[in-house]
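The values are calculated or read from the model by the stated rules, or taken from the named source; none is laboratory data. Given the structure is predicted, the values throughout are model-derived calculations rather than measurements. All Cβ positions, even for glycine, are placed from backbone atoms using ideal geometry, and neighbour counts span all protein chains on display. Quick note on the areas: whole protein, heavy atoms, side chains included, nothing else; ligands and nucleic acids left out. Shrake-Rupley method; radii C 1.70, N 1.55, O 1.52, S 1.80 Å.
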Amino acid sequence: MKNFKRYLVTSALPYANGPVHIGHLAGVYIPSDIYVRYLRLKGRDVVWVCGSDEHGVPITIKARQEGVTPQDIVDKYHNIIKNSFAKLGISFDIYSRTTSPVHYDTASDFFRKLYDKNVFEEQVTLQYYDEEAKQFLADRYITGSCPHCQNDKAYGDQCEKCGTTLSPNDLINPKSAITGSIPVKKETKHWYLPLNKYEEFLREWILEGHKEWKVNVYGQCKSWLDLGLQPRAVSRDLDWGIPVPVEGAEGKVLYVWFDAPIGYISASKELTVDWEKYWKDEETKLVHFIGKDNIVFHCIVFPAMLKAHGGYILPENVPANEFLNLEGDKISTSRNWAVWLHEYLEDMPGKEDVLRYVLCANAPETKDNDFTWKDFQARNNNELVAILGNFINRAVVLTDKYYEGVVPECGTLTPYDQEILQEIPKIKKSVEENIENYRFREALREAMNLARLGNKYLADTEPWKLVKTEPERVKTILNIAIQISANLAIVCEPFMPFTAEKILGLLNIEKFGWEELGRTDLIEAGHKLNKPELLFEKIEDSVIEAQLLKLENTKKSNMANEAVDIEPQKESVTFEDFMKMDIRVSKVLEAEKVPKTKKLLKLTVDTGIDKRVIVSGIAEFYSPEDMIGRQVLVLVNLEPRTIKGIESQGMILMAQTTDGRMVTVKPAEDIVTGAFIG
């Protein structure tokens, strides 16, 4: 493994169109904070940059909804995000923003450099245009039905229900998110980054050079490369963003996914005049912390941009996490189904490290995981209180009780003492290996094993029983317990910085470096401790019930809104148009999940006129076993579409319930297969 002189760590720039929630924290910010705090403890030269992503369509949509300017939106949420990060102990070296003058200049210069090198391809294409609003529609300004799961509120870039990446042309019945009108196609000119020209470089760099990357990252990159890369637009027809800095580009701005990653560079420029040594020296290790939805941009698009520009280093690793769900349901900002960080900090004062601990212990490192308030309570009460807090409290309380808080001398060590002390360097080594390989959940488990070791030692030696018969032995036992406590102050710091600070306060000592971890003489005999205080307190049922009630009220509110949010009547159609639709009562004969997807089922159905295959995005709501033998209604004369390599010959009719589930529409009673609906 290469030894680097310095480290540059970036964390995905959160959109400044709303606060951050626990999904963001578990996926990106807590893992990167652990990594950076660890590097700092080791005395490494490390810079950690982040900032608000303040351009893009979601911000302009939010501004329209609230009747304010985009600048008002980003100012509001930038401050909320920045302040809540700081209160949770997220220790960026700089938290900048992409509306800063430095960023405007940096992004413009970057584009101009590629433009002058003739990297871009200019293309005139047909794109959706809202004649009523008199503007072109970027991806998020177009809504319609998802071709995969039939969600009628999909966006032009993604269906948030089934997670499929889309383009505006994929949508069924597209309409403008601004006016609700049906858009038309109109010619417009844009600049494209020809990713296809960098495919060979990316294939060699990633697939041959970075086989150590996490399986989900490597696999997604391979999938993109195997499908073949296409030119990607780097400009958009918008009035909010960084203007494209060339002639003939009036009314066009840099596409947010060209603009945003350059924010890492501009933030570094703001931070230090020595920014180039972090971005242009091969002895710097660049690590991007992101969520899985950003993999393609950080592993394919941004590296291609850097390669095209020249002079920049490329990321050594991109440890992307999967998604965190909430109480069994996907976190959704639009449905307010989330635990917002700024609200948590208000509701749970003094429990910053509890959230950090729970989100790390349950981090979605290899698969999507679920956050529940009951698990939050259990981990606090059964782990932080009963294991870590219990050991530190017993060590300090017994020292205070027997020796007035003065650390006693360590006498002759027994074989058992030596066995216990020899475990500390082993724990240190395991924590190091896991952090350096981005396995933070396992690293935290090993760190907690030091507290478990301390509890076991006190339980086995029982100093409270020996104090009258073997007082010298008790001195050694408590000296060792205090040394373990000091080691816990070191190993906890990356994960729970506020707790580490409290332990240092109880022990009345200054902060140690990582190299001190494993030593058994960190605190000298005769040193005076401070008075005992509890590190953690139990969380009562009433506190958890209040949080669950908040979520329940959110769910009820969503159901009420959905109940009244009935889609307006669509355009009138002629009787002849209606009669063209051929809907048949059909029976599902076979069903299986489509490999490498979470939402799709491959169904073989008997339509009465033939047997055919239909791909439907209902796996979230129906298992294959649920569907076999079920009668469904099928639009049989829909033009076939190829989905995940399977030709789908029709569409099953679905309806959405008030709680967001999709259910099959079926006859009230058994009807002969093939019966025509009309």
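Laid out as a table, the results:
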| quantity | calculated |
| --- | --- |
| √(5λ) per eigenvalue of the Cα gyration tensor, the range 390-430, largest first, Å | 24, 15, 8 |
| Rg/Rh (Cα only; Kirkwood hydrodynamic radius) as it applies to the range 24-152 | 1.06 |
| About the Cα centre, charge dipole magnitude for the chain (Lys/Arg +1, Asp/Glu -1 at Cβ), debye | 640 |
| Listed residue (Leu506, Val68, Tyr344) projecting farthest to the positive dipole end of the chain, Cβ model | Leu506 |
| Rel. contact order, % - alpha carbon contacts under 8 angstrom, at least six apart, the range 154-201 | 20 |
| Whole-angstrom gap from the range 1-78 to the range 249-284, using each part's C-alpha centre | 14 |
| Loop-located GluC sites (Glu not before Pro) in the range 332-410, at most 16 other Cβ atoms within 10 Å (DSSP) | Glu404, Glu409 |
| FRET efficiency estimate (nearest 0.05) - Cβ-Cβ, Leu635 to Lys598, R0 30 angstrom | 0.80 |
| Cysteines (scope the chain) whose Cβ has no counterpart Cys Cβ under 4.7 Å | Cys50, Cys221, Cys299, Cys360, Cys410, Cys492 |
| The range 125-185: C-alpha pair distances exceeding 14 Å, % | 44 |
| Net length gained if the chain between Thr333 and Phe676 were fully extended (0.36 nm per residue, minus Cα distance) | 119.3 nm |
| Trypsin sites (Lys or Arg not before Pro) within the range 1-65: DSSP coil, no more than 16 neighbouring Cβ in 10 Å | Lys2, Lys5, Lys42, Arg44 |
| Rounded, prolate or oblate (a/c below 1.5 giving rounded, otherwise prolate when a/b exceeds b/c) for the range 189-304 by Cα gyration tensor | oblate |
| Total charge dipole magnitude, the range 1-157, about the Cα centre, Cβ charges on Lys, Arg, Asp, Glu only, Debye to nearest 20 | 1120 |
| Rg ratio (alpha-carbon, reference 2.2 N^0.38 Å) - the range 492-561 | 1.88 |
| Stokes-Einstein diffusion coefficient of the range 321-393, Kirkwood radius over Cα pairs, 37 °C, 0.692 mPa s, in µm²/s | 247 |
| Within the chain, percent of DSSP bridges classed antiparallel, to nearest 5 | 70 |
| Net charge of Cβ neighbours under 10 Å - reference Phe512; Lys, Arg +1; Asp, Glu -1 | -2 |
| Sparse-neighbourhood loop sites, trypsin sites (Lys or Arg not before Pro) in the range 122-169 - DSSP loop, at most 16 other Cβ within 10 angstrom | Lys134, Lys153 |
| Zone of Asn3's modelled label, taken as backbone nitrogen in the range 34-53 under 11 Å from a point 7 Å along Cα→Cβ | none |
| With Cα atoms, 0 to 90° folded angle of helix 541-564 axis to the chain main axis | 10 |
| Gyration tensor verdict on the range 303-347 (Cα atoms; rounded if a/c is under 1.5, prolate if a/b is larger than b/c, oblate otherwise) | prolate |
| Hydrodynamic radius by Kirkwood, which averages 1/r over all alpha carbon pairs of the chain, in angstrom | 28.3 |
| Residue-span extension gain [Asn530 to Thr366] - 0.36 nm each, minus C-alpha spacing | 54.8 nm |
| Over the range 594-638, relative contact order from alpha-carbon pairs under 8 Å, at least 6 apart, % | 31 |
| Protein accessible area in the chain, 1.4 Å probe - carbon and sulfur % | 49 |
| Per residue accessible area in Å² of the chain, where ligands, DNA and RNA are left out and the probe is 1.4 Å | 45 |
| Label-point gap, in nm, between Asn381 and Lys465 - each point 7 angstrom along Cα→Cβ | 2.9 |
| Tensor-based shape of the range 606-645 (alpha-carbon gyration tensor, a/c under 1.5 rounded, otherwise prolate or oblate) | oblate |
| Dipole of the chain [Lys/Arg +1, Asp/Glu -1 at C-beta], most positive-end residue of Ser91, Ile523, Ser11 | Ile523 |
| Convex hull projection area averaged over all views, the range 261-338, Cα basis, nm² | 6.7 |
| Taking the chain and dividing mean pair separation by its residue count, relative contact order in percent (alpha carbons under 8 Å, at least six apart) | 13 |
| Rg ratio (alpha-carbon, reference 2.2 N^0.38 Å) - the range 336-448 | 1.38 |
